[in-house]
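Okay, so here's the structure we're looking at.
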Amino acid sequence: MRNVLIDAGPLIALFAVDDDHHARMDAQVLALSEQGLRLLTTWPCVVEAAYLLDAPHRFELLRWIELGGVQVYPFEPHNLGAMVGWMERYTESGKRQMDLADATLYWLAAETGVRDILTVDVRDFRRYRLPDGQVFNLL
C-alpha cells in the first residue's frame with residue numbers, strides 16, 4: 001500500500017470536472033490506485049476544498065471521504081506552535097506564504113514520514129524543507 005498526501009487543490013480537481021487539473025489528477029489517482037493507494041490529508045485541506053467546491057461537488061467530496069476515499073488526520077492544539085513556526089518561516093513579505101492547510105500537510109509528513117504528495121501548489125511545496133532536511137516528492 002502506497003501512502004500519498006493530498007492537498008486541497010487535487011481534492012477540488014477530483015470533483016470539479018471543469019477544473020484545469022481534473023483530468024491529470026483523476027488519471028493519476030486511478031493509476032496509483034491500481035498499485036494500492038492510501039490518500040492522507042488533514043481537516044484544513046478538507047475544509048478548504050469543501051468551501052471552494054460548489055454544490056453538489058462539495059457533497060460528493062464529503063461522501064467520498066465518509067466512505068474512506070481519503071484518511072483524514074486530526075492534530076492537537078499543541079501541534080499549532082510548530083505549525084505557526086513553519087508558517088512564519090515560509091512566509092515571505094508580500095510574496096508567498098505557507099497557509100494553515102500547507103502547514104498541516106508539512107506536519108503530517110513530519111509525523112508519518114510520507115513524502116509523496118499530490119498538489120497543484122508546486123511552487124510552494126518545492127521550496128519546503130522538512131525538519132529532517134528531506135523534500136516532498138511531488139506527484
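Cβ crowding within 10 Å, taken as a proxy for footprinting-reagent exposure, orders VAL4, VAL17 from fewest neighbours to most as VAL17, VAL4.
Length gained on full extension, GLU111 to LEU67, computed as 0.36 nm times the residue gap minus the Cα-Cα distance: 13.4 nm. Only the Cβ atoms of Lys and Arg (+1) and of Asp and Glu (-1) were treated as charged; on that basis the dipole of the chain about its Cα centre amounts to roughly 400 debye. Over segment 2-138, the fraction of Cα-Cα pairs per 5 Å bin, rounded to whole percents and listed from the shortest bin up, is 2, 10, 20, 24, 22, 13, 8, 2, 0. In the chain, the calculated helix contribution to ellipticity at 222 nm averages -14500 deg cm²/dmol per residue, counting -39,500 (n - 2.57) for every DSSP H run with n ≥ 4.
Each of ALA82, THR119, ALA8 was placed along the dipole of segment 2-138 (beta-carbon charges, centred on the mean Cα), and the one lying farthest toward the positive end is ALA82. Eigenvalues of the alpha-carbon gyration tensor of segment 1-81, scaled by 5 and square-rooted, set the equivalent ellipsoid semi-axes at 20, 17, 11 angstrom, largest first. Packing-based ranking of 63-69, 42-48, 6-12, 133-139 yields 6-12, 42-48, 133-139, 63-69, ordered from highest to lowest mean Cβ neighbour count within 10 Å.
Bear in mind that the values in this text are calculations on the coordinates, not laboratory data. Not measured: the values here are computed from a predicted model. Note that we place each Cβ from the backbone using ideal geometry, even for glycine, and neighbour counts take in every protein chain shown.
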